[in-house]
Amino acid sequence: MAGSKAVQKEVKEFMTGLKRRNPHEGEFHQAVQELVETVMPYYLDHDQFRKWRILERMTEPDRVVMFRVTWSDDTGTIRANKAWRVQFNNAIGPYKGGMRFHPSVTLSVLKFLGFEQCFKNALTGLPMGGAKGGSNFNPKGRSDLEIMRFCHSLMTELFRHIGESKDVPAGDIGVGAREIGYMFGQYKRLENNFVGVLTGKGLEYGGSLIRKEATGYGTVYFAQNMLNHIDDSVEGKDVVVSGSGNVATYAIEKVLHYGGKPLTASDSGGSIYDPDGIDEEKLEFIKQLKEVRRGRISEYAEKYSSAKYLEGKRPWGVKCDIALPCATQNELNADDAKELIDNGVRVVAEGANMPSTLEAVHHFLDAGVLFGPAKAANAGGVAVSGLEQSQNSLRISWDAEEVDGRLQNIMKDIHAKCVKYGEGDGKVNYVAGANIAGFEKVAAAMVAYGVV
Ligand code: NDP
């Protein structure tokens, strides 16, 4: 039935209704369209899901909390930001998903992220529902004390909506170990309760080893699984990476472990291209630059003469075998996809959430590129967050080897699910595979509850 006129008509009608109900939410429309295009044939073939109107119910969040965050900056000026928590779906476990602090955060962005999170979390095999939250607060250039006051104020409202068995937030863009520490500290103070209510915590107070590496490592594990499936590997491949934050840094690290050659990194100012490759020492420089000094990636090109700084540019013009978009949504468009394909790219694994536009995804699939969508390829982060929750509940800490081993198994398992649901004509459509596998699990749980 896939691709048939009847399916296309159903997709169009469904999307028309969704857009009418959710006007001006472009990112959310895009995320739903991407899922519905591949899930609709399966949905139409499964009466038990259609009868219960699962798709219609699944695209409406369980609840959205919107609130004001008031704080004072270092000059004593009072500031007010918007913040949200989108609790999308808890059919298979407590809500779980990161918090994002960035001026581009809107309800539409958080709804797209929360929606995606439902299926990603289902793919991990762990009992986690989908959520996302954040604020339009811009942490750039703010002092530690300003960040602390903001985080404390945000948690003063958020604490009443979350809980270890209710909703467990984590980090995302602009929210790293520092911000999680401030939020966790305030939660603990308000509730007088030391529980694993946030993940991405410091190791001293309940964090998990490998959590900060998990998303980047997991993305490369997924790329490795896709290549192994066709008897190939990351070894010896030229790899283009965007971003220089948490996900990008550890993706670069795992590419190095696997004998690949990372060539680029970027931030919102531009990209660096190092034809000699980013080695361990240069990667350490990036970590210090971004995690400690919070500087700009352009400084890399000032330090290493082998590198060029491409001001205001993304790295997709650099010739490569593997592309790992690890910065933000819609950072890779149709033209970028065509350029990558013309330059011979064979694998794309999304470390960021929805970094490729719908048109770009279609180009990759049509060209036969092994395309690992975010839901599958970057699920390693939330998977280790789930493992952090398990360790907190058991009041134990696993060593790095144990957590990394579990992460590798989870990524292998997700790959196998994508193959199971996405294989046809001797090829694997990882987008269809991830969407259908994730959808089926959440849908089956929703059916079990009846009409709620
Ligand atoms: P960080 O804040 O650590 O890093 C984000 C990186 O992306 C920075 O290099 C940043 O540059 C760049 N960036 C952000 N916004 C833009 C923009 N509008 N244009 C160009 N570059 C931009 O975030 P993470 O690494 O944690 O997250 C990156 C992506 O991965 C996001 O899509 C996130 O949702 C996704 N993700 C993260 C997970 C995690 O565990 N952290 C888990 C799963 C997905 P600059 O410093 O200039 O802003």
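Any read-out appearing in this document is the output of simple, stated calculations on the displayed coordinates, not a laboratory observation. Please read all numbers here as calculations on a predicted model, not as lab measurements. Heads up, the Cβs are rebuilt from the backbone with ideal geometry, glycines too, and the neighbour counts pull from every protein chain shown.
Once you keep just the Cα pairs under 8 angstrom separated by 6 or more residues, what percentage relative contact order results for the chain?
The normalised contact order for the chain reaches 15 percent.
So what is log10(I(q)/I(0)) for segment 281-397 at q = 0.11, 0.15, 0.19, 0.23 1/Å, when the Debye sum runs over its Cα atoms only?
For segment 281-397, the Cα-only Debye profile gives -0.50, -0.82, -1.06, -1.22.
Based on the mean of other beta carbon atoms within 10 Å per residue, what is the order of 5-13, 211-219, most packed first? Let's see the in-between values first.
Working: 5-13: 13.0, 211-219: 27.8.
Ranked by mean Cβ neighbours within 10 Å, highest first: 211-219, 5-13.
Please compute the contact order of segment 213-372 in relative form: average sequence separation of alpha-carbon pairs under 8 Å and at least six residues apart, divided by the residue count, as a percent.
23 percent.
From the helices alone, meaning DSSP H stretches of at least four residues, give me the mean residue ellipticity at 222 nm for the chain, per-run term -39500 (n - 2.57), in deg cm²/dmol to the nearest 500.
Roughly -15500 deg cm²/dmol at 222 nm, from the helical runs in the chain.
Return the subset of LYS140/LYS212; LYS82/LYS212; LYS9/LYS441; LYS82/LYS201 for which the Cα-Cα distance in this structure is over 32 Å, preserving the input order. Please list the in-between numbers first.
On the way: LYS140/LYS212 20 Å; LYS82/LYS212 27 Å; LYS9/LYS441 25 Å; LYS82/LYS201 24 Å.
Pairs exceeding the cut-off: none.
Using label points projected 7 Å from each Cα along Cα→Cβ, tell me how many nm separate ASN193 and ASN138, to one decimal.
About 3.7 nm separates the two model spin labels.
What relative contact order, as a whole-number percentage, does segment 63-195 give when Cα pairs under 8 Å and 6 or more residues apart are counted? Display every interim value, and only then the final one.
Working: 263 pairs, mean separation 37.9, N = 133.
Over segment 63-195, the number comes to 28 percent.
Evaluate E = 1/(1 + (r/R0)^6) for LYS338 and GLU401, where r is the Cβ-Cβ distance and R0 equals 35 Å; express this FRET efficiency to the nearest 0.05.
The computed FRET efficiency comes out at 0.25.
Across segment 37-47, in residue order, what do the Karplus-derived ³J(HN,Hα) couplings come to in whole Hz, using 6.51 cos²θ - 1.76 cosθ + 1.60 with θ = phi - 60° and x for Gly and Pro?
3, 9, 8, 4, x, 5, 4, 5, 7, 10, 4
As I understand it, the dipole of the chain uses +1 on the Cβ of Lys and Arg and -1 on the Cβ of Asp and Glu, about the Cα centre. Which of GLY426, SER208, PRO103 lies farthest toward its positive end?
PRO103
Starting with the highest mean, order 272-282, 14-24, 255-265 by the number of other Cβ atoms within 10 Å, averaged over the residues of each peptide.
255-265, 272-282, 14-24
List, in order, the whole-Hz ³J(HN,Hα) value for each residue of segment 232-240 obtained from phi through the Karplus relation with A = 6.51, B = -1.76, C = 1.60 and θ = phi - 60°; use x for Gly and Pro.
9, 7, 6, 3, x, 8, 7, 10, 9
In segment 63-195, what % of DSSP beta bridges are antiparallel (nearest 5)?
Bridges in segment 63-195 that DSSP calls antiparallel: roughly 65 percent.
I want the local charge near SER385. Using Cβ-Cβ distances under 14 Å, sum +1 for each Lys or Arg and -1 for each Asp or Glu among the other residues.
Details: positive: LYS96, LYS120, LYS132, LYS201, ARG211, LYS212, ARG406; negative: GLU164, ASP167, ASP172, GLU213, GLU388.
Combined, the nearby Lys, Arg, Asp and Glu give +2.
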